[in-house]
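Participant: Quick one: the structure is below, and I'll ask about it shortly.
The values are calculated or read from the model by the stated rules, or taken from the named source; none is laboratory data. This one's a predicted model, so the numbers in the text were calculated from it and none came from an experiment. Don't worry about glycine lacking a Cβ; one is built from the backbone with ideal geometry, like all the others, and counts go over all protein chains shown.
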Amino acid sequence: MKQVAARCLLCGKTYDVEEDHKDFKKLSEQAKEVPSFICDFCSNRVRHESDEKRKEKKPI
Ligand SMILES: [Zn+2]
């Protein structure tokens, strides 16, 4: 299976993203030595945090 090494924008860790990852195509198209993405762990955390904020604050 093909892999691309990509760095997470939020935690700064480098992951080997495999061919079947939803962002693989996007990452392999980035003309950078190390493409950047948001890893699953961080995207879950961000989604969770924005859910929490929505509960606390009313939209303006
Ligand atoms: Zn991350």
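Participant: Suppose we filter segment 17-35 for residues that are small (G, A, S) and surrounded by fewer than 14 Cβ atoms within 10 Å (Cβ to Cβ); how many remain?
Facilitator: Residues in segment 17-35 being small (G, A, S) and surrounded by fewer than 14 Cβ atoms within 10 Å (Cβ to Cβ): 1 in total.
Participant: Looking at (1) within 10 Å of the ligand (Cβ to nearest atom); (2) in contact with a strand residue (DSSP E or B) (Cβ under 9 Å, 6 or more places away or on another chain); (3) in a helix (DSSP H, G or I), find the lone condition where R7 falls short.
Facilitator: Condition not satisfied by R7: (3).
Participant: Does S50 fit the bill of being part of a helix (DSSP H, G or I) and either aliphatic (A, V, I, L, M) or without any contact (Cβ under 8 Å) to a residue 24 or more places away in the chain (or both)?
Facilitator: yes
Participant: Can you pull out every residue in segment 18-36 that is within 13 Å of the ligand (Cβ to nearest atom) and modelled with pLDDT of 95 or more? Even if it seems obvious, please write down each step before you answer.
Facilitator: Looking only at segment 18-36, we keep the residues that are within 13 Å of the ligand (Cβ to nearest atom), and these are 23, 36.
Passing the criteria: only S36.
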